[in-house]
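See structure below.
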Amino acid sequence: MPAMTAQAFWTLAPGQGALRQETLPPLGDDDVLVRNRFSAISRGSEALVFNGRVPPSEYARMRAPFQAGEFPGPVKYGYAGVGTVEQGPEGLLGRSVFCLHPHQDRYVVPADAVVPLPDDLPAARGVLAANMETAVNGLWDAGPRPGDRIAVIGAGVVGALIAYLCARIPGTRVELIDIDSTRAELAAALDVPFSTPEAACGDADLVIHASGNAAGLRHGLALAGHEALLIEMSWYGTQPVSLPLGEAFHARRLTLRSSQVGTVSPARSARWSHRRRLALALDLLRDERLDALIDGESDFVDLPALMPRLAEAHGVLCHRLRY
């Protein structure tokens, strides 16, 4: 039998990508062959990878599952694909599955690396699973409670998902805050209150920052009430960040805590695995209102020309690739 081949997207050097053909390994007894149907581009981390902005100190921690190559390039990167199992164990044949795999039209992975989608979750929406998993982990780190006043800064995909989840906790007062007033339409689609920074209420019990901009983090400190907690979801790569930790930061006894999805939150790590957390994320995507987070779709073969524009664009939500 001739060897199977696939096409994959590689970042060859900062700002430059291409499709490469590669030979797939033969299937083992516990492997699956997946034909990709959709994948999503992460506006945050993938833009940093594509533009060569991953600091050398983070090369190991930034590795994605099934990544090939090394930073800054050539590297095959990505982690949000939904496909159909074409070969493998009988219980998975024909199933739609999510896999943390780079952008590639088909691939071979261990069967336990794929998670079946719920029967009523459309495959096209399933590409949001990695973002939802990040949002879930962030909320585990934040620990919101009924009645909390919660400010979520940054109405990108992760921020919008966090606000969407927080707004469903009884008694919470949630504001999704963004400098782009047109994000009010997205917030309305998700049934989440929206505010611009200058109109935000302040005196928040909990602030979650996900704008990717240091100015948003500084504004989060201003919105935090006495002894409030601020969760930092953004990652800046090589960009230094300056914060006003003088002024009233100490007098108000504020807590600033980072959140990162690579590790299951310590609040849940005793009982939750990465796989169980991902299965929860898929289950939480069944609400059709979340389709509002996908604001563009392109053919996979167009990715080399598309990626430079997406990596520099502002205001992009989830861009989906179809195969």
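Odds and ends about this structure:
- Residue within the range 31-46 that is more than 19 Å from the chain's Cα centre (by Cα), open to solvent by 10 Å² or more (accessible area, probe 1.4 Å) and at negative phi present: yes
- For the range 186-213, a tally of residues being surrounded by fewer than 20 Cβ atoms within 10 Å (Cβ to Cβ), within 24 Å of Ala47 (Cβ to Cβ) and either modelled with pLDDT under 95 or touching an Asp or Glu at 6+ places or on another chain (Cβ under 7 Å) (or both) returns 1.
- All told, Leu117 meets the bar of being open to solvent by less than 30 Å² (accessible area, probe 1.4 Å) and modelled with pLDDT of 95 or more.
- Output for the range 50-72, where each listed residue is part of a loop (DSSP other than H, G, I, E, B), among the small types (Gly, Ala, Ser) and under 17 Å from Pro14 (Cβ atoms): Gly52
- Every listed requirement among (1) more than 28 Å from Asn51 (Cα to Cα); (2) outside any loop (DSSP other than H, G, I, E, B) is met by Gly246 save one, (2).
- Matching residues in the range 17-59 - criterion: being within 24 Å of Val97 (Cβ to Cβ) and acidic (Asp, Glu): Glu22, Asp29, Asp30, Asp31, Glu46
- Inter-residue pairs, beta-carbon under 7 Å, first touching a residue at least 60 places away in the same chain (Cβ under 8 Å) and of a type in the set (A, V, I, L, M, F, W, C) and in the range 72-92, second crowded, with 22+ Cβ neighbours inside 10 Å and not in a strand (DSSP E or B), 6+ apart: Val75/Val49
- Yes/no for Pro170 being farther than 21 Å from Ile294 by Cα, modelled with pLDDT of 95 or more and open to solvent by 60 Å² or more (accessible area, probe 1.4 Å): yes
The values are calculated or read from the model by the stated rules, or taken from the named source; none is laboratory data. What you see is a predicted model; the values in this text were computed from it and never measured. Note that each Cβ is placed from the backbone with ideal geometry, even for glycine, and that neighbours are counted across all protein chains shown. These area figures cover heavy atoms from the full protein model, side chains too; ligands, DNA and RNA do not enter into them. Shrake-Rupley method; radii C 1.70, N 1.55, O 1.52, S 1.80 Å.
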